[in-house]
Amino acid sequence: MAQTCELTWESAPAAAAAACAVCGGAGLEPFLDLGETPLANAFPASRTGPPQPCYPLRAARCVDCGHAQLLDRVPPEAMFSHYLYVSSASSTLTAHLDGLAGEVTARAGLGGGGLVVDAGSNDGTLLAAFARRGARTVGVDPAANLAAIAGARGIPTEVSCFDTGAAARVLAAHGPARAITATNSFPHVQDLDEYMRAVDLLLAPDGVFVLEAHYLLDMLEQTAFDTIYHEHVSYWALGPMKRLLERHGFAIADVERLPVHHGQLRVWVARRGVARPAAAVERAEAAERAAGLGTARPFREFAERARRLRWNILALLEGLRGARVAAYGAPAKGMTLLSFLGLGPETIAYIADRSPLKQGRFTPGSAIPIVPPAHLLADRPDYTLLLAWNFAEEILAELRPYTDAGGRVVVPVPEVRILP
Ligand SMILES: [Zn+2]
């Protein structure tokens, strides 16, 4: 399949990471090279615009502390100042965030006006769920367009990265936080020490810091190579996380593995000595040791499976030549999949996505048009490639009229398969 992207790409070398994001070690060992790709959330409004910058995308592990991370770092302002992913676009995710708000409210005693600060608050979906439960809420997010959406729903939002400057401003205006949350923004953090200093500054002495991130063990087990894109600087496991937290006077109090987004880690963090670690922490650490996360082997095997999966998906699509093929979902992960496989509009006519912010735009680099889901339901292509495979259940329910009428769905990861 032709790599049409090249025509609209412009190489923009990222600053190669000099040191491990967690331990500062210089021994970063690449394990998967996904080529050069444009930024996964930079959806151009036209096919004929100026060339988009593209950056090398290579995942590496630190030989000293085992932390999995990107080898190449893109300046955050290029990725997060205008953001097109909104938490409220998925009903699965909205329900998940509502459950999180309920649990944090109960555990941190936020109901009577306690302050919760969400770092990377997006469109305020999580904080709105806290506000409904009686907490005071403040968001911090660098995307001005999302802060405006959150503000319109009554969530005050500081337009900034979560750093000591933002933490000091929130502290001065609202006092210390009983809880700080970070859902899926923690993997974005480039300067982890600055981030943890900000948590330290803003969190009440007995407060709780709750973070959620895609879990490295799930990514490896499910061959979810499409979790890797420039925004995700880190691929977290508990080992390296513990090392970072301890350096800043914090400890892991509890941990949960959740099924949302193909496998998520929820970590409850408190100041050292405040809480006794739950038994789940030692169990999770033992599972990481058993999987060999401190060694190169699971990363090498993951990369081999990812390359094999790439060929399997391409072979299946080649077999569908002549059929009409579209895709559903234009999440950032889908952009990694499209670019790693070299897919463009010659293979995928269009992509249906529920987010109005993406509709009418084009995929970065590959320039596939993005349309509302109603278009796909009316057009009924023969096959629909499910790029947002982590929300398969929700999307298959939405596509029921399409599959009932004979439309078939191609799920690419963890193994490529055709449904029904
Ligand atoms: Zn390291």
Give the stretch 198-252 a look and list any residue that's within 23 Å of V416 (Cβ to Cβ) and not in a helix (DSSP H, G or I), or say none. H214, Y215, Q222, T223, A224, I228, Y229, H232, Y235
What do you reckon, is I155 of a type in the set (V, I, T), buried (at least 18 other Cβ atoms within 10 Å of the Cβ) and free of Cβ contacts under 8 Å to residues at least 40 places away in the same chain? yes
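Mind checking which strands (runs of 3 or more DSSP E) fall wholly inside the stretch 314-420 and carry at least 2 residues that are of a type outside the set (V, I, T)?
Numbers: elements: 325-328, 383-386, 408-411, 417-419.
Output list reads 325-328, 383-386, 417-419.
Kindly check whether there is at least one residue in the stretch 220-231 that is charged (D, E, K, R), within 16 Å of the ligand (Cβ to nearest atom), in contact (Cβ under 8 Å) with a residue 12 or more places away in the chain and touching a helix residue (DSSP H, G or I) at 6+ places or on another chain (Cβ under 8 Å).
Step one: of the stretch 220-231, the residues charged (D, E, K, R) are 221, 226, 231.
Going one step further and asking which of them are within 16 Å of the ligand (Cβ to nearest atom), we end up with none.
No; the residues of the stretch 220-231 include none that is charged (D, E, K, R), within 16 Å of the ligand (Cβ to nearest atom), in contact (Cβ under 8 Å) with a residue 12 or more places away in the chain and touching a helix residue (DSSP H, G or I) at 6+ places or on another chain (Cβ under 8 Å).
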Out of the helices (runs of 4 or more DSSP H) lying entirely within the stretch 36-141, which hold 3 or more residues that are surrounded by fewer than 20 Cβ atoms within 10 Å (Cβ to Cβ), away from the ligand (no atom under 16 Å from the Cβ) and within 21 Å of the chain's Cα centre (by Cα)? 76-80, 91-108
Take the stretch 172-186 and flag every residue that is in a helix (DSSP H, G or I) and either surrounded by fewer than 20 Cβ atoms within 10 Å (Cβ to Cβ) or of a type in the set (A, V, I, L, M) (or both). A172, A173, H174
So A204 clears everything in (1) more than 16 Å from the ligand (Cβ to nearest atom); (2) aliphatic (A, V, I, L, M); (3) surrounded by 19 or more Cβ atoms within 10 Å (Cβ to Cβ) except one condition, right? Which one? (3)
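Out of the residues in the stretch 14-35 that are within 16 Å of the ligand (Cβ to nearest atom), part of a loop (DSSP other than H, G, I, E, B) and aliphatic (A, V, I, L, M), which is surrounded by the fewest Cβ atoms within 10 Å (Cβ to Cβ)?
Our first condition is that a residue be within 16 Å of the ligand (Cβ to nearest atom); within the stretch 14-35, this holds for 16-31.
Pick out the ones that are also part of a loop (DSSP other than H, G, I, E, B) and you get 17-27.
Now restrict to residues that are aliphatic (A, V, I, L, M): 17-19, 21-22, 26.
Values: A17: 19, A18: 9, A19: 12, A21: 23, V22: 24, A26: 12.
Looking at residues that are within 16 Å of the ligand (Cβ to nearest atom), part of a loop (DSSP other than H, G, I, E, B) and aliphatic (A, V, I, L, M), I get A18.
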Looking at (1) within 13 Å of the chain's Cα centre (by Cα); (2) on the phi > 0 side of the Ramachandran plot, which is the one condition that is false for T223? (1)
Selected residue (criterion: surrounded by the most Cβ atoms within 10 Å (Cβ to Cβ)) from residues of the stretch 191-201 that are out of contact with any strand residue (DSSP E or B) (no Cβ under 6 Å at 6 or more places or on another chain) and of a type outside the set (D, E, K, R): A198
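In the stretch 232-252, what count of residues is obtained for those that are within 16 Å of the ligand (Cβ to nearest atom) and of a type in the set (G, A, S)?
In the first step, residues of the stretch 232-252 are kept if they are within 16 Å of the ligand (Cβ to nearest atom); the result is 233-248.
Still in the running and of a type in the set (G, A, S): 234, 237, 239.
Qualifying residue count, the stretch 232-252: 3.
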Quick check on the stretch 263-289: of everything there that is basic (K, R) and free of Cβ contacts under 8 Å to residues at least 24 places away in the same chain, which residue is farthest from Q222 (Cα to Cα)? R276
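All of the numbers you see were taken from the coordinates with simple rules; none came from a lab. On a predicted model such as this, the values are computed, not experimentally measured, just so you know. Neighbour counts are summed over all protein chains in view; Cβ atoms, including those assigned to glycine, are modelled from backbone coordinates with ideal geometry.
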